[in-house]
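Notes follow once the structure below has been shown.
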Amino acid sequence: MSGSGHRVPLGVAVWTRYMRGPAGVRYTQAVIDHFDSITPEVELKMDNVATAPGEWTFDAAERLAVLATTEGKEMRGHALLWHKQIPAWVLRRTWTQARMTDFLSEHVAVTMNAFRGRIREWDVVNEPLADDGSFRASLWSETLGPEYIGQALTWAREADPTAKLFINEYGAEHGQKSDGLLRLAAKLREAGAPLDGIGFQMHVSTSCYPREHELAATFARFAELGLEVRITEMDIRATDLSMSPSERAVATTEIYQEAARACAAEPQCRGFTVWGVDDSTSWLRTDKAALLLDDDLQPKPAMAVIRAEFDRVSV
Ligand code: XIL
């Protein structure tokens, strides 16, 4: 069988709080055994790193970078600018345009430089759109205007010209929000902004998820603009309560498989990350079956199914 020749690393969001103690050793080993790439779940978000005016700390993210380097894994940088997880001192301040520009450009530069050569792709702006695909108002846009997105990409390119720069978004896999994101991406590219790709989070559910052909069409539209694409945060909430646990397991495997197929078929899709190591540490606390490893860290059928889709194209 001949594939399109591109490799799709399987990535995972990792949270250092789960790496402590004996249980943490097993958790860390599962990351090493089953995944090719690591995304810090919280460790690089602004509230974790920009601790005080003029001060940044990267200890927790550094632990993950060391793990990645030691174990030969890639690392995704998530996320430089987001409307959530903003430090309290930043929220409390009164910002002028000039001060905000200084702070954000420094935040981007300091953070990227701390991981230069080790983190090769960054979510520069996370979730810039509202659910209807229009522009989302945030502290950043209120102070700098919608131009903050292009500016952030420019600061990021200057900080590390070797890094690939992404906009990351949820619910933009199809429909109105996808159209809005395509318009934004096209506008940024026309204006010469250094945007390299789009991350599709893929927080989906058993009753609402994009089918393979819808995802493939979306990926193709962005690839036509010259952009790479990624699946960056996939998990599957069980919202269809009429399903038995076994029906739900089958449905979940199929949803993962369709997403993996769409990514495998698109040469620009070069990364597929799930949002958590196992069901017991998922951010979806009320729902214990959203991920690829069960709560005893054993791989579920979806793991092998996804790997098979990726192996098929990498030959
Ligand atoms: C989530 C983490 O998983 C939670 O633990 C944290 O409390 C909040 O953020 N979109 C994103 C991710 O881009 O960063 C979010 O992660 C989930 C939604």
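The ratio of the alpha-carbon radius of gyration of region 129-190 to the globular-protein estimate 2.2 N^0.38 Å is 1.17. Using only side-chain charges placed at the Cβ, +1 for Lys and Arg and -1 for Asp and Glu, the dipole size of region 188-266 relative to its Cα centre rounds to 80 debye. For Glu228, the amide hydrogen comes within under 5 Å of the amide hydrogens of Gly197, Ile198, counting only partners 5 or more places away or on other chains and with H modelled in the peptide plane. Under a 5 Å amide H cut-off, with hydrogens placed 1.01 Å from N, Lys164 pairs with Glu121, Trp122 among residues at least 5 apart or on other chains. A simple charge model with +1 on the Cβ of Lys and Arg, -1 on the Cβ of Asp and Glu and nothing else charged puts the dipole of the chain at about 420 debye relative to its Cα centre.
Evaluating 6.51 cos²θ - 1.76 cosθ + 1.60 at θ = phi - 60° for every residue in region 256-266, the Karplus couplings come out as 4, 4, 4, 5, 5, 5, 4, 5, 4, 7, 9 Hz, glycine and proline recorded as x.
Among DSSP beta bridges whose residues both lie in the chain, state the antiparallel percentage, nearest 5.
10 percent
Sorted largest first, the spans of the alpha carbon positions of region 138-230 along the three principal axes are 40, 28, 21 Å. Normalised Debye scattering of the chain at q = 0.11 Å⁻¹ gives log10 I(q)/I(0) of -0.66, counting only Cα atoms as equal scatterers and leaving out solvent. A straight line joining the Cα centroids of region 174-252 and region 128-163 runs 20 Å.
Unpaired Cys in the chain, meaning no second Cys C-beta under 4.7 Å: Cys208. In order along region 74-84, phi translates into HN-Hα couplings of 7, 9, 9, x, 9, 9, 6, 10, 9, 7, 10 Hz, rounded to whole numbers, per the Karplus curve 6.51 cos²θ - 1.76 cosθ + 1.60 with θ = phi - 60° and x for Gly and Pro. Can you give the % of DSSP beta bridges in region 92-203 that are antiparallel, to the nearest 5? Of the beta bridges lying entirely in region 92-203, close to 10 percent run antiparallel. The ellipsoid that matches the Cα gyration tensor of region 249-314 has semi-axes, each √(5λ) in whole angstrom, of 23, 12, 10, with the longest given first. For region 142-155, putting each phi into the Karplus relation 6.51 cos²θ - 1.76 cosθ + 1.60 with θ = phi - 60° gives couplings of 5, 8, 10, x, x, 5, 4, 5, x, 5, 4, 4, 5, 4 Hz, in residue order, rounded to whole numbers and with x for Gly and Pro.
Peptide packing for 18-28, 170-180, 292-302, 39-49 was compared via the average number of neighbouring C-beta atoms within 10 Å per residue; ordered from the highest value, the list is 39-49, 170-180, 292-302, 18-28. Each helix, a run of at least 4 DSSP H residues, gives -39500 (n - 2.57); summed and divided by the residues of the chain, these come to -13500 deg cm²/dmol at 222 nm. Lysine pair count for the chain (Cα-Cα distance under 21 Å; residues 8 or more apart in sequence or on different chains): 8.
For region 17-123, the pair-distance distribution built from all alpha carbon pairs, in bins 5 Å wide starting at 0, is 2, 11, 22, 23, 16, 12, 8, 4, 2, 1 percent.
Listed from fewest to most Cβ neighbours within 10 Å, the set Thr51, Thr281, Thr94 follows the order Thr94, Thr51, Thr281. Ordering Ile38, Leu182, Ala290 by the projection of their Cα atoms onto the charge dipole of the chain, which places +1 on the Cβ of Lys and Arg and -1 on the Cβ of Asp and Glu, puts Ile38 at the extreme positive end. Using Cβ point charges alone (K and R +1, D and E -1), the dipole size of region 172-315 about the Cα centre works out to roughly 360 debye. Give me the angle, in degrees from 0 to 90, between the Cα long axis of helix 176-190 and the longest principal axis of the Cα atoms of the chain, rounded to the nearest 10. With both axes taken from Cα atoms, the answer is about 50 degrees.
Note that region 83-166, at 25 °C in a medium of 0.890 mPa s, gets a Stokes-Einstein diffusion coefficient of 181 µm²/s from its Kirkwood radius over C-alpha pairs. The H on the amide N of Phe135, modeled in the peptide plane, is under 5 Å from the matching H of Ala130, each at least 5 residues off or on a different chain.
Here, each number is a calculation from the coordinates, and none is a lab measurement. Small disclaimer: the values here were computed from a predicted structure and weren't measured. Quick reminder, even Gly has a Cβ in these numbers, built from the backbone with ideal geometry, and neighbours come from all protein chains shown.
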